[in-house]
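A.B. asks: Take this structure, written in structure tokens, and hold onto it; I'll ask about it next.
The values are calculated or read from the model by the stated rules, or taken from the named source; none is laboratory data. For clarity, every value in this text was computed on a predicted model and none was experimentally measured. Cβ sites come from the backbone with ideal geometry, for glycine too, and all protein chains shown count toward neighbours.
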Amino acid sequence: MSRTEVAVPDGTPYEDVHAGLHSEQGAFRGEHPGRAANPVVKVVDLAWLEFEKPDLDRAERFLVDFGFVVADRTPDELRLRGTWAQGPCLVIRRGPRSRYVGHAMLAASRSDLDRLARSTGGTVEDHRGGHAVRLVDPSGYEVRVVAGVPELPALAERAPLTLNFGTTTARPNVPQRPPRVAAQVQRLGHVALETTRFSAALDWYLETLGLIVSDFLFLDDLRDHGPTMAFMRCDQGGTPTDHHTLAMFLGPRTGYAHSAYQVTDLDAIATGGEFLREQGYQRVWGIGRHIQGSQIFDYWRDPDRLMFEHFADGDRFDCSVETGWSPMSTSGLAQWGPPVSRDFLGTKPNPALVAAVLRALAVDDNDIDPRTLRSLMKAMSA
């Protein structure tokens, strides 16, 4: 099962999907609206991600090499940040094994937290200088909705490179020499998650937190099933937001797929990738440009094999852009770049995957059945 953005097949114009001009795609417009009519609240961004790691020193070495700055460190907790004036991107606590715990999302105001608590039966608690309501989504992920948490001040960073284009000479007599150093992470962009309970989780994020779907993916030979992947963005009305803050897809496991962090430009991705390679880390897939979201991407694994993405130049949509529908297939993962790796797809048979498939098929309260599983396998092997 693919663990990130899957897109339209080769040759399908991206803008046609969003405009609904393909009749084949447009026929799905009534399948799911991609947004709730009256959500409880509308979160405005992804605040940070929470992990557990048994070795904080090893985690810190990789993440600093990846481009983060240590914001705070105690014997049992590590907080890492980007260059922008925001909160931390990552909160990593010492734990018995490496695992993804959950994510924090930013509410527009404290009053939104009060409304959320009343609707869900939760409690507004003090949290890191602000307030939070702790929830659990239908997949079992911890979701902390926060407001009023103090921001960290901005840090100095390299400006985007000045580029010459065709006959336009923007830097006469000035050579281009970006240093081969760790990329500077600016901010957290999105997290991608796999779930066996896709339908319930999708509706929960739309109805409870007010996310809206930028793009749905569906199984081409199982069209009565509905969507099997959603790229969800925050709804800030006329203010554009990232094409997806949360990407979620149906699979035989429930777990973390990857998280993505913005850097300033393509050269930061490329030189940062060369630096990571020189430190002995494993590139998963890249460099390329996605179709869904348009990001220039580069994926790496940390020493515990969790996947982290550098990205630049992603799409940003306001609330006027309607939901697109595309078939799920490996053939449309990127507009350009190297062939997608088996490591990225996560489809190589292994005992853990086989056990997860058997567990998913044995449970009634999920969206996995033999027919769906066969279609997922077919889509990801095309």
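A.B. asks: Could you tell me which of the residues Thr254, Thr271, Thr239, Thr228 is closer than 21 Å to Pro160 by Cβ and hydroxyl-bearing (Ser, Thr, Tyr)?
C.D. replies: Residue meeting the stated conditions: Thr271.
A.B. asks: I'm trying to understand the selection: among the residues of the range 47-81, which are assigned to a loop (DSSP other than H, G, I, E, B) and acidic (Asp, Glu)?
C.D. replies: Asp55, Asp76
A.B. asks: To continue, here is another question. What are the residues in the range 27-85 that are of a type in the set (Gly, Ala, Ser) and at negative phi, if any?
C.D. replies: Result: Ala27, Gly30, Ala36, Ala37, Ala47, Ala59, Ala71, Gly82, Ala85.
A.B. asks: Which ones in the range 335-378 are modelled with pLDDT of 85 or more, small (Gly, Ala, Ser) and either under 26 Å from Arg233 (Cβ atoms) or touching a His at 6+ places or on another chain (Cβ under 7 Å) (or both)?
C.D. replies: Gly337
A.B. asks: Working only within the range 64-85, note down all residues that are of a type outside the set (Lys, Arg) and crowded, with 21+ Cβ neighbours inside 10 Å.
C.D. replies: Phe66, Gly67, Phe68, Leu78, Leu80, Gly82, Thr83
A.B. asks: Within the group Val101, Val133, which residue is surrounded by 19 or more Cβ atoms within 10 Å (Cβ to Cβ), β-branched (Val, Ile, Thr) and outside any helix (DSSP H, G or I)?
C.D. replies: Val133
A.B. asks: For the range 271-312, give me every one of the strands (runs of 3 or more DSSP E) that falls completely inside it and has 3 or more residues that are surrounded by 22 or more Cβ atoms within 10 Å (Cβ to Cβ) and of a type in the set (A, V, I, L, M, F, W, C).
C.D. replies: Per the criteria, 296-301, 307-312.
A.B. asks: Check off (1) surrounded by 17 or more Cβ atoms within 10 Å (Cβ to Cβ); (2) closer than 21 Å to Trp84 by Cα for Ala201 and give me the number that stays unchecked.
C.D. replies: Checking Ala201 against (1) surrounded by 17 or more Cβ atoms within 10 Å (Cβ to Cβ); (2) closer than 21 Å to Trp84 by Cα, the one that fails is (2).
A.B. asks: Scanning the range 313-334 for residues that are in a strand (DSSP E or B) and modelled with pLDDT of 95 or more, which turns out surrounded by the most Cβ atoms within 10 Å (Cβ to Cβ)?
C.D. replies: Of everything passing the filter in the range 313-334, Phe317 is surrounded by the most Cβ atoms within 10 Å (Cβ to Cβ).
A.B. asks: Which residues, counting only those in the range 136-175, are of a type in the set (S, T, N, Q), exposed (fewer than 12 other Cβ atoms within 10 Å of the Cβ) and not in a strand (DSSP E or B)?
C.D. replies: Correct list: Thr162, Thr167, Thr169, Asn173.
A.B. asks: Does the range 230-251 contain at least one residue that is surrounded by fewer than 18 Cβ atoms within 10 Å (Cβ to Cβ), under 17 Å from Asp65 (Cβ atoms) and small (Gly, Ala, Ser)?
C.D. replies: Looking through the range 230-251, none of the residues is surrounded by fewer than 18 Cβ atoms within 10 Å (Cβ to Cβ), under 17 Å from Asp65 (Cβ atoms) and small (Gly, Ala, Ser).
A.B. asks: So, Thr195, is that one of a type in the set (S, T, N, Q) and surrounded by fewer than 17 Cβ atoms within 10 Å (Cβ to Cβ) or not?
C.D. replies: no
A.B. asks: Which numbered condition trips up Asp112, out of (1) more than 23 Å from Ala260 (Cβ to Cβ); (2) in contact with a helix residue (DSSP H, G or I) (Cβ under 8 Å, 6 or more places away or on another chain); (3) surrounded by 15 or more Cβ atoms within 10 Å (Cβ to Cβ)?
C.D. replies: The number of the failed condition is (2).
A.B. asks: Give me the pairs, please: first residue somewhere in the range 330-346 and closer than 20 Å to Asp220 by Cβ and of a type outside the set (A, V, I, L, M), second residue anywhere and surrounded by fewer than 16 Cβ atoms within 10 Å (Cβ to Cβ) and at pLDDT below 90, beta-carbon distance under 7 Å, and either six or more positions apart or on two chains.
C.D. replies: That search, which allows pairs on different chains as well, returns Thr330/Ala382; Ser331/Pro9; Ser331/Asp10; Ser331/Ala382; Gly332/Pro9; Gly332/Asp10.
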